[in-house]
Amino acid sequence: MKKLKKYLVVWGLMIRNVLSANLNKKVGFLIFFIGKMLRFVLAGLFVFYTLQGTKSLAGYDTDQVIFFYLTYMLIDALGQVFFRNVYSFRQIVVTGSFDLILSKPVNTLFRVLLGGMDIIDMGTTIFFLGTVVWWGARLSPNSAGIILYSLLIFNSLIIIAAFHILVVALGIITLEIDHTIMIYRDIESMGRFPIDIYKEPIKSIFTFIIPIGIMLTVPAKALMGLATAQVIVVSFIVSGVLLFLSIKFWGFALKRYTSASS
Amino acid sequence: MWSERFLVVKKNPSMKLQKYLMILKISFLQEFAYRFNFVMWRVRNVIQVFIAFYFWDTLFADPGKVIFGYDRAKILTYVFAILFIRSIVLSARAVDIAGQISNGELSNLLLKPVNFFKYWFARDLSSKALNVVFAFIETFLLYLLLRPPIFLQTTLINLIGAIVFVLLAILLFYFLLFITNMVAFWMPENGWAAQFLIIGIVTEFFSGGVFPLNIFPEGAQVVFGYLPFQYLLYFPVQVYLGNVAGAEITRGFVVVVGWIVALYFLTTKIWLRGLKNYASEGR
């Protein structure tokens with residue numbers, strides 16, 4: 001309990017530092033915010049007009065497909081809010097600053113993963129949460145669906161954390177982060193549409209091996225009452241296994257860190 | 001003087017050309033400094049094609065289906081053509097200009113006997129050369145792996161037209177990127193933010209890089225026709241696919257040349273103003 005309190009205090013301090021650093025960049029903040037909202041609108045138009053052309057996707061109607069898209073935006077923004085520090089990790093390693101993090105009496109992975117929040121995405125997350133609640137209400141979900149949706153969103157955050165751990169671990173070994181994280185973002189973008197629209201074996205690969213489907217499609221399906229109990233249980237197991245494997249890989253990578261840049 | 005327009009040492013033309021060829025060569029070799037980084041950049045491009053391929057392949061599973069004026073062969077050709085043209089048009093080293101302005105590194109370059117515009121154009125060409133080689137190999141391997149039905153254009157005018165529009169797109173993107181980077185003269189902290197908005201979002205979507213612009217209503221497509229972005233990727237591919245006819249090609253040519261001329265003058269004007277504002281901070 002004492003340890004948890006310590007980490008909450010450290011996390012609070014890190015957030016405060018990020019906030020104070022970003023408050024000096026109001027114009028940049030505004031440009032990024034406009035960019036992110038524009039991307040949301042344009043990708044949304046793509047989803048909408050694709051549906052106009054195809055009428056329905058894998059049996060889902062327009063309301064349902066838009067809800068899948070909004071869930072994707074919410075989960076993507078949540079990942080940015082919590083794990084934005086990963087994007088600057090390469091610089092930390094190549095400049096030797098990683099040594100300073102290693103020498104601090106705080107868990108290194110905690111510091112690397114949660115060391116820098118994206119405050120722009122704090123704003124967009126609130127916006128996307130609002131749109132998810134508003135649009136989700138059109139689907140008339142029951143209480144069980146809403147609870148499962150919330151739990152599965154949390155489960156998605158665990159999967160995102162695992163992916164980010166894999167990226168930083170690979171970064172230690174190869175000094176490559178920028179493209180690896182963008183590959184993750186590209187693959188994640190497949191979840192704008194429900195994974196069910198893809199043919200086999202793509203559907204299974206992106207459900208169980210690279211669990212984008214579990215991360216982005218299953219929560220929305222649970223809200224709609226379309227996810228089976230078996231799929232929900234498997235979703236929690238997959239996230240647990242992925243997190244375990246990513247932490248193991250992080251340990252493996254850390255042992256190979258040579259501190260060559262410092 | 002910072003405000004000198006061209007910092008070129010007067011030498012004979014072949015010496016000048018040699019100088020920029022050397023810059024091109026050095027820049028080409030620099031791309032291999034972080035090999036894994038480059039490999040991952042190409043892996044990313046391949047994954048983007050996989051994602052786009054499987055998405056459109058699913059939507060067009062029925063071979064007789066026609067959506068937005070595309071049949072299965074044409075939409076999959078669009079995906080592959082975008083991969084190839086993107087590597088020629090959008091790969092550029094000039095993305096580093098904003099960083100050079102904000103950290104004062106620009107001063108080093110201004111003192112050298114090179115023309116700043118030609119220097120970056122040479123570096124851009126080296127990046128394009130390297131990327132196009134890899135894109136060619138990747139396109140070929142992906143074709144063998146995925147075996148998509150590809151639309152082969154046999155009309156000479158469309159083939160020549162597509163090549164001409166790609167060459168124009170290279171110039172167009174160069175000026176667009178240059179202008180975007182020069183934001184750093186006035187907002188050194190926000191050079192990256194400007195690139196994110198103009199290049200990462202606006203150019204990416206409105207060039208047709210994410211999806212074909214035909215999916216939008218006709219009114220929106222008319223507006224896109226007067227903006228520069230669709231001439232970077234979408235229009236050259238449409239010319240190749242034969243989706244635009246003679247008059248439309250001529251109109252497109254006039255619009256894109258008009259944009260290149262306008263952006264050229266805008267670039268030089270902003271550059272001169274930017275240099276007056278430049279204080280070489282960080283040096």
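The values are calculated or read from the model by the stated rules, or taken from the named source; none is laboratory data. Keep in mind it's a predicted model, so treat the numbers as computed, not measured. Neighbour counts are summed over all protein chains in view; Cβ atoms, including those assigned to glycine, are modelled from backbone coordinates with ideal geometry.
Report yes if some residue within the stretch A:76-94 is more than 11 Å from chain B (Cβ to nearest Cβ), among the acidic types (Asp, Glu), surrounded by fewer than 18 Cβ atoms within 10 Å (Cβ to Cβ) and part of a helix (DSSP H, G or I); otherwise report no. Checking the stretch A:76-94: not a single residue is more than 11 Å from chain B (Cβ to nearest Cβ), among the acidic types (Asp, Glu), surrounded by fewer than 18 Cβ atoms within 10 Å (Cβ to Cβ) and part of a helix (DSSP H, G or I). For the stretch B:50-60, a residue qualifies if it is assigned to a helix (DSSP H, G or I) and more than 7 Å from chain A (Cβ to nearest Cβ), and the qualifying residues are B:Phe50, B:Ala52, B:Phe53, B:Phe55, B:Trp56, B:Asp57. Please work out if A:Gln64 is part of a helix (DSSP H, G or I) and within 13 Å of chain B (Cβ to nearest Cβ). So A:Gln64 does not fit the description; no. Looking at A:Ile187, is it buried (at least 17 other Cβ atoms within 10 Å of the Cβ), free of Cβ contacts under 8 Å to residues at least 60 places away in the same chain and within 30 Å of A:Val133 (Cβ to Cβ)? In short, yes. Restricting the stretch A:190-219 to residues that are surrounded by 24 or more Cβ atoms within 10 Å (Cβ to Cβ) and touching a strand residue (DSSP E or B) at 6+ places or on another chain (Cβ under 8 Å) leaves a set whose member that is farthest from the other protein chains (Cβ to nearest Cβ) is A:Pro194.
Right, A:Ala227: buried (at least 23 other Cβ atoms within 10 Å of the Cβ), in contact (Cβ under 8 Å) with a residue 12 or more places away in the chain and not β-branched (Val, Ile, Thr) or not? No: the conditions fail for A:Ala227.
Evaluated against (1) at positive phi; (2) without any contact (Cβ under 8 Å) to a residue 40 or more places away in the chain, B:Ala247 falls short on exactly one condition, (1). Screening A:Leu70 against (1) within 12 Å of another protein chain (Cβ to nearest Cβ); (2) modelled with pLDDT of 85 or more leaves a single unmet condition, (1). Pairing residues of the stretch A:49-62 that are under 15 Å from B:Asp62 (Cβ atoms) with residues that are in a helix (DSSP H, G or I) and of a type outside the set (A, V, I, L, M, F, W, C), at Cβ distances under 6 Å and at least 6 apart in sequence or on separate chains, gives A:Ala58/A:Asp196.
Pairing residues of the stretch B:35-49 that are more than 7 Å from every other protein chain (Cβ to nearest Cβ) with residues that are among the charged types (D, E, K, R) and assigned to a helix (DSSP H, G or I), at Cβ distances under 7 Å and at least 6 apart in sequence or on separate chains, gives B:Arg42/B:Glu138; B:Asn45/B:Glu138; B:Val46/B:Glu138.
The residues listed here are B:Gly208, B:Gly191, B:Gly200, B:Gly161; of these, the one that is surrounded by 21 or more Cβ atoms within 10 Å (Cβ to Cβ), under 17 Å from the mean Cα position of the chain (by Cα) and either at pLDDT below 95 or within 14 Å of chain A (Cβ to nearest Cβ) (or both) is B:Gly208.
Looking at A:Lys221, A:Lys255, just one residue is over 28 Å from A:Pro141 (Cα atoms) and of a type in the set (Lys, Arg), and that residue is A:Lys255.
All conditions in (1) closer than 25 Å to B:Thr58 by Cβ; (2) within 17 Å of the chain's Cα centre (by Cα); (3) surrounded by fewer than 16 Cβ atoms within 10 Å (Cβ to Cβ) hold for B:Ala135, with the sole exception of (3). Scanning the stretch B:183-237 for residues that are assigned to a helix (DSSP H, G or I) and small (Gly, Ala, Ser) gives B:Ala184, B:Gly191, B:Ala193, B:Ala194, B:Gly200, B:Gly219, B:Ala220, B:Gly225. Given the condition within 14 Å of chain A (Cβ to nearest Cβ) and surrounded by 17 or more Cβ atoms within 10 Å (Cβ to Cβ), answer yes or no: does some residue in the stretch B:218-228 qualify? There is at least one residue in the stretch B:218-228 that is within 14 Å of chain A (Cβ to nearest Cβ) and surrounded by 17 or more Cβ atoms within 10 Å (Cβ to Cβ). When B:Ser87, B:Ser107 are checked against the criterion of being in contact (Cβ under 8 Å) with a residue 12 or more places away in the chain, in a helix (DSSP H, G or I), more than 23 Å from the chain's Cα centre (by Cα) and away from chain A (no Cβ under 13 Å), B:Ser107 stands alone in meeting it.
Looking only at residues of the stretch A:150-183 that are in contact (Cβ under 8 Å) with a residue 12 or more places away in the chain, within 10 Å of chain B (Cβ to nearest Cβ) and not hydrophobic (A, V, I, L, M, F, W, C), we find that the one that is surrounded by the most Cβ atoms within 10 Å (Cβ to Cβ) is A:Thr180. Note on the stretch B:51-94: among residues that are buried (at least 20 other Cβ atoms within 10 Å of the Cβ) and among the small types (Gly, Ala, Ser), the one that is farthest from B:Ser207 (Cα to Cα) is B:Ala94.
The residue of the stretch A:1-48 that is surrounded by the most Cβ atoms within 10 Å (Cβ to Cβ), among those that are β-branched (Val, Ile, Thr) and either touching a residue at least 60 places away in the same chain (Cβ under 8 Å) or outside any helix (DSSP H, G or I) (or both), is A:Val47.
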